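Here's the structure, in structure tokens; my notes come after.
All of the numbers you see were taken from the coordinates with simple rules; none came from a lab. Treat the numbers as computed from the prediction; the structure is a model and nothing was measured.
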Amino acid sequence: MLISRANVVRYVGACAYVDATPPQLLLCDKIFRVCFHSDSQLLPRFLAEVMKLHSVREHIEARLTGTSPTMKNISKPALLDIRFPLPDLDAQQRIVDDIGTSRINAAEKRAEAATLRQTAWTALEAALFTAAEETTT
């Protein structure tokens, strides 16, 4: 998992789960790389979701340092101090799976909405064109 440790406020603490990395990967010093032990009681994907919670974002934003609004920072100790309930591994996996399913459903709904909007615009344009033709004849 990669976690941004410096950026504008909304990106500090932003994270990404990474399935695999190439050997000798170089990372910017503004990114923390988090590696999990095989016996960890925290799933990386669960942590990635937890990092998006409002309460976690508030924790992060309250601990930012730096005077520039375009380059805020958070320390490793401040990130390690984040507290949240930790369900068992099965519950974590169910939560991650449910979130994934919800995101897929939301994407499908957005695609349906876009199709309906386009259909409505097409119908409106056709109606306006027909009305314009009727008034000119």
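Candidate values [x] 44, 34, 26; [y] 48, 30, 22; [z] 76, 42, 34 were compared with Cα extents along the principal axes in Å computed on the shown model; the agreeing label is [z].
For the chain, relative contact order (Cα pairs under 8 Å, six or more residues apart, normalised by length) works out to 24 percent. Straight-line reach from LYS72: taking Cα to Cα under 22 Å and skipping same-chain neighbours fewer than 8 places apart, the lysines in range are LYS30, LYS52. Across the range 102-119, computed HN-Hα scalar couplings (Karplus, 6.51 cos²θ - 1.76 cosθ + 1.60, θ = phi - 60°) run 5, 5, 5, 4, 5, 5, 5, 5, 5, 5, 4, 4, 5, 5, 5, 4, 5, 4 Hz from first to last residue, x flagging Gly and Pro. Rounded to the nearest 500, the 222 nm mean residue ellipticity of the chain from helices alone is -17000 deg cm²/dmol, with -39,500 (n - 2.57) taken per DSSP H run of at least 4 residues.
Per-residue Karplus couplings for the range 89-95, computed as 6.51 cos²θ - 1.76 cosθ + 1.60 with θ equal to phi - 60°, are listed in order as 4, 4, 5, 4, 5, 4, 4 Hz, Gly and Pro entered as x.
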